[in-house]
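*Asks:* Below: one structure in structure tokens.
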Amino acid sequence: MSACMDCGKNLTYNEIGAYKKFVNRGSRSFLCKQCLAQKLDVTIEDIDRKIEQFKQQGCTLFV
């Protein structure tokens, strides 16, 4: 299992997908939602909303 490159938290499939979708699809290291939200200057809720939107559109980066 992957860990956040900033805080070391174990990552979920959706957190990895969010990082790939918002930052770099080819990345091999990732940020958790909290660290990603801080880096992108958005809220965790914003990220969750976008994840749900992409899931509804059928994006395979999310479950």
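The values are calculated or read from the model by the stated rules, or taken from the named source; none is laboratory data. Given the structure is predicted, the values throughout are model-derived calculations rather than measurements. So basically every Cβ, Gly included, is an ideal-geometry build from the backbone, and we count neighbours across all protein chains shown. Please note that ligands, DNA and RNA were not included when accessible areas were found on the heavy atoms of the full protein model with its side chains. Shrake-Rupley method; radii C 1.70, N 1.55, O 1.52, S 1.80 Å.
*Asks:* Assuming L61 fulfils every condition listed in (1) surrounded by 15 or more Cβ atoms within 10 Å (Cβ to Cβ); (2) without any contact (Cβ under 8 Å) to a residue 40 or more places away in the chain; (3) not polar (S, T, N, Q) apart from one, which condition is it?
*Replies:* For L61, the failing item is (2).
*Asks:* Please specify each residue of segment 1-22 satisfying the condition of being among the aliphatic types (A, V, I, L, M), within 18 Å of K55 (Cβ to Cβ) and more than 8 Å from the chain's Cα centre (by Cα).
*Replies:* L11 - this is the single residue of segment 1-22 that is among the aliphatic types (A, V, I, L, M), within 18 Å of K55 (Cβ to Cβ) and more than 8 Å from the chain's Cα centre (by Cα).
*Asks:* Within segment 32-43, can one find any residue that is under 9 Å from the mean Cα position of the chain (by Cα), of a type in the set (S, T, Y) and part of a loop (DSSP other than H, G, I, E, B)?
*Replies:* No: segment 32-43 contains no residue that is under 9 Å from the mean Cα position of the chain (by Cα), of a type in the set (S, T, Y) and part of a loop (DSSP other than H, G, I, E, B).
*Asks:* Of all the residues that make up segment 12-24, how many are in contact (Cβ under 8 Å) with a residue 24 or more places away in the chain and either of a type in the set (G, A, S) or surrounded by fewer than 13 Cβ atoms within 10 Å (Cβ to Cβ) (or both)?
*Replies:* 3
Per-residue answers, yes or no, for (1) touching a strand residue (DSSP E or B) at 6+ places or on another chain (Cβ under 8 Å); (2) β-branched (V, I, T):
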{"site": "N10", "(1), (2)": "yes, no"}
{"site": "Y13", "(1), (2)": "no, no"}
{"site": "A18", "(1), (2)": "no, no"}
{"site": "V23", "(1), (2)": "no, yes"}
{"site": "R28", "(1), (2)": "no, no"}
{"site": "K33", "(1), (2)": "no, no"}
{"site": "T43", "(1), (2)": "no, yes"}
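*Asks:* Looking for something in a loop (DSSP other than H, G, I, E, B) and either open to solvent by less than 80 Å² (accessible area, probe 1.4 Å) or not small (G, A, S) (or both) - is there at least one such residue anywhere in segment 45-56?
*Replies:* no
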